[in-house]
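Following: one structure in structure tokens, then a few remarks.
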Amino acid sequence: MSVIDAEAAASAAAAMPGIPRDADGPVFREPWEAHAFAMALALHARGLFTWPEWAASLADEIRGAQAAGDPDTGETYYRHWLANLEKMIAAKGVATADALHRYRDAWDHAADRTPHGRPIELRPEDFAP
């Protein structure tokens, strides 16, 4: 993954005060969190959504998770971010929910066969039911 654009990250952080951050900007506990953040930045830059639209949708996602029992310790923030990203992509017609589930399952299959520390690579057989 390329380095996250600092200006874009600062814009996102200003629009959403709940983003985990330190003095230098957003912080991530795992690489996938940074990837999800970067995907949202890229889709915002392409005009798929505004930051106020994103923030409202993410707040709804978090409220729903809390109502379902999420303890809101901050450790699940980027899980909500990713769920919201998937929801927005489907709502905007970029990909269907079924396609997103198919790719998520394929990534799970690929991750299961990949030794720890190695890059995950999708193969056609990962998409088999």
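Quick look at the numbers
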quantity	calculated
Estimated distance in nm for a label pair at Arg79 and Asp22, the labels positioned 7 Å out from Cα along Cα-to-Cβ	2.4
C-alpha long axis of helix 31-45 to longest principal axis of the chain, angle in °	70
Potential lengthening between Glu30 and Thr50 on full extension [0.36 nm per residue; Cα-Cα distance subtracted]	4.6 nm
Gap separating the Cα centres of segment 68-104 and segment 16-66, nearest whole Å	11
Ser57 paired with Ala42, simple spin-label distance in nm, labels 7 Å along Cα-to-beta-carbon	1.6
Whole-angstrom Cα spans of the chain along principal axes, big to small	42, 33, 29
Simple Cβ-charge dipole of segment 6-95, Lys/Arg +1 and Asp/Glu -1, about Cα centre, in debye nearest 20	280
Rounded to 10°, Cα long-axis angle of helix 51-67 versus longest principal axis of the chain	70
Relative contact order of segment 6-95, defined on C-alpha pairs under 8 angstrom at six or more residues apart (%)	28
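Since every read-out is calculated from the coordinates, none of them should be taken as a lab result. Note that the structure is predicted; figures quoted are calculated from it, not measured. In this analysis, Cβ positions are derived from the backbone assuming ideal geometry, glycine residues included, and neighbour counts consider all displayed protein chains.
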